[in-house]
Amino acid sequence: MQIHEIHGLLLLDPAKRPEPGFIRVEDGRIVEIQPGERRRSEDAGVLHTGASSIICPAFIDAHLHLPQIGSIGADGLELLDWLQRVIYPAEAWWGNGGASHLLELAVGNMVDQGTLGFAGYLTSHGEVNAAAVRRLENGAGLPGRLRWIAGRVAMDREAPEPLVREDLARAECRPPVPISLPDPPAETGRRRGSVSVNPRFAISCTDELLAEAGWFVRDRVESGSPIHVQTHLAESLAELARVRELFPDDPNYTSVYDRHGLLTDQTLLGHCNHLTAEEWGLIAERRSVTVHCPTANVFLVAGLFDLDAARDHGVRVGLGSDVAAGADVAMPRVARAMIETAKLRKMTIAPNAWVPTPADAWAQMTKGNADALGWNDAGRLEIGGAADLLALTPPASWLDEHLIGRLLYNWSAELISARIVDGELMDEPARQC
């Protein structure tokens with residue numbers, strides 16, 4: 001059902017108490033925001049959420065792996081071993097018949113937890129993932145048409161043969177197989193997503209593959225149609241050691257990507273737990289985005305992201321669940337983990353560490369992540385903003401100065417009473433996990 005008016009408590013700023021008001025929506029956009037009560041209407045397109053219901057922007061996940069949604073909880077392994085023993089077999093299954101089920105499961109779980117926009121990874125399979133992005137764009141068989149950035153993973157070494165097969169074959173193809181999936185046609189109304197270039201990480205990519213990815217990115221920029229890059233950087237110490245073995249002539253890990261032209265203002269660098277001051281400076285100079293994945297970093301005992309270094313160097317930050325290393329797709333719990341990671345650093349290694357407030361963390365998973373992904377019309381209640389919204393109905397006793405903290409630390413999908421995607425009220429999705 002298309003919504004043209006929403007009434008409730010408007011969370012215009014998570015640092016302030018929500019106030020009664022209403023939002024008017026046209027063609028999936030917010031066209032009016034007014035405080036105060038309005039005469040109750042029973043029109044089909046008017047949503048009255050209740051006196052204690054909160055209208056807020058939907059959540060955005062800046063880093064996750066859709067094919068890994070069924071692999072959560074394989075604990076006790078270090079990153080590189082975990083990839084070989086758990087993740088690569090799961091991604092092989094995605095390409096061997098599992099993609100349809102896993103895509104539905106991943107999108108269903110995100111919608112269930114209020115995440116209506118994401119940046120994510122697929123696998124290295126070309127045709128399978130071309131079909132997946134078409135489904136993401138038209139919403140066929142999915143709970144809704146989320147907003148998305150997603151890309152085929154590029155990799156040509158240090159992984160099982162089914163996952164490197166297509167990129168290994170590239171050198172023998174004339175013309176070469178495209179490094180990126182084609183943008184899907186906007187089959188249903190306005191475009192909701194875009195494809196990205198996703199070299200998995202330096203360990204799984206030869207110089208030749210990274211160079212090809214960089215050439216593709218440069219050509220897109222020069223043609224006036226720049227493209228996002230998604231990759232991983234400095235997640236674990238064992239990863240760093242292997243990168244030094246594979247790229248002995250590069251001064252550091254970040255320079256490997258920079259040498260191949262992969263650090264742009266649309267590059268999303270997952271994790272970034274172990275960076276030198278020089279690397280932070282280079283990322284800042286290129287205006288790339290570091291994506292903090294606190295639940296995943298703890299799960300794999302990989303490291304603790306340094307928010308202070310990012311702030312000191314003026315580096316943009318996103319926040320991601322990183323499913324399946326991250327064990328939880330719910331962004332409010334990931335945002336809580338962002339606070340807890342900063343507190344842990346403050347108690348152990350950085351006594352002067354900055355600790356985000358609940359309002360800071362809430363802003364990060366909405367407007368902050370939208371800005372990191374280049375979506376300047378998402379994650380906010382503003383005129384002209386996208387009508388990707390949630391109605392939350394917490395206990396009335398939570399409506400005090402600690403509201404946002406109560407929501408983060410007591411999060412449950414049961415708090416969501418309505419989900420609105422692109423101005424359309426969604427049906428309640430089935431609980432998947």
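Taken together, the values in this text are just the output of simple stated rules run on the coordinates, not laboratory data. Because the structure is predicted, anything quoted here is derived from the model rather than measured. Because the Cβ atoms are built from the backbone with ideal geometry, glycine has one as well, and the counts that use them run over all protein chains shown.
Tabulated results
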| item | result |
| --- | --- |
| Mean Kyte hydropathy of 0.0 or more with a Cα span along the axis of at least 20 Å, helices from DSSP in the chain | none |
| Taking the chain and dividing mean pair separation by its residue count, relative contact order in percent (alpha carbons under 8 Å, at least six apart) | 21 |
| GluC sites (Glu not before Pro) restricted to DSSP loop in the range 99-207 with at most 14 other C-beta within 10 Å | GLU187 |
| Proxy reagent accessibility, fewest Cβ within 10 Å first, across SER204, SER417 | SER417, SER204 |
| LEU116 long-range amide H proximity, modeled H, under 5 Å | PHE59 |
| Most fluctuating residue given options LEU102, LEU389, LEU116, as computed from a GNM of the chain linking Cα atoms under 10 Å | LEU102 |
| The chain: antiparallel DSSP beta bridges as a percent of all, rounded to 5 | 40 |
| The range 258-275 versus the range 121-137: alpha-carbon centroid distance in Å | 23 |
| Reachable lysines, given that their alpha-carbon falls under 19 Å from the alpha-carbon of LYS367 and they are not under 8 places away in the same chain | LYS16 |
| Sites excluded, trypsin sites (Lys or Arg not before Pro) in DSSP loops with at most 16 other C-beta within 10 Å, longest stretch of the chain | 288-430 |
| Simple Cβ-charge dipole of the range 53-200, Lys/Arg +1 and Asp/Glu -1, about Cα centre, in debye nearest 20 | 580 |
| 5 angstrom amide H check on GLY318, placed H, neighbours 5+ away | THR290, VAL291, HIS292 |
| Relative contact order for the range 320-433, counting Cα pairs under 8 Å that sit 6 or more residues apart, in percent | 21 |
| Where GluC sites (Glu not before Pro) fall in DSSP loop in the range 350-423, at most 11 other Cβ within 10 Å | GLU401 |
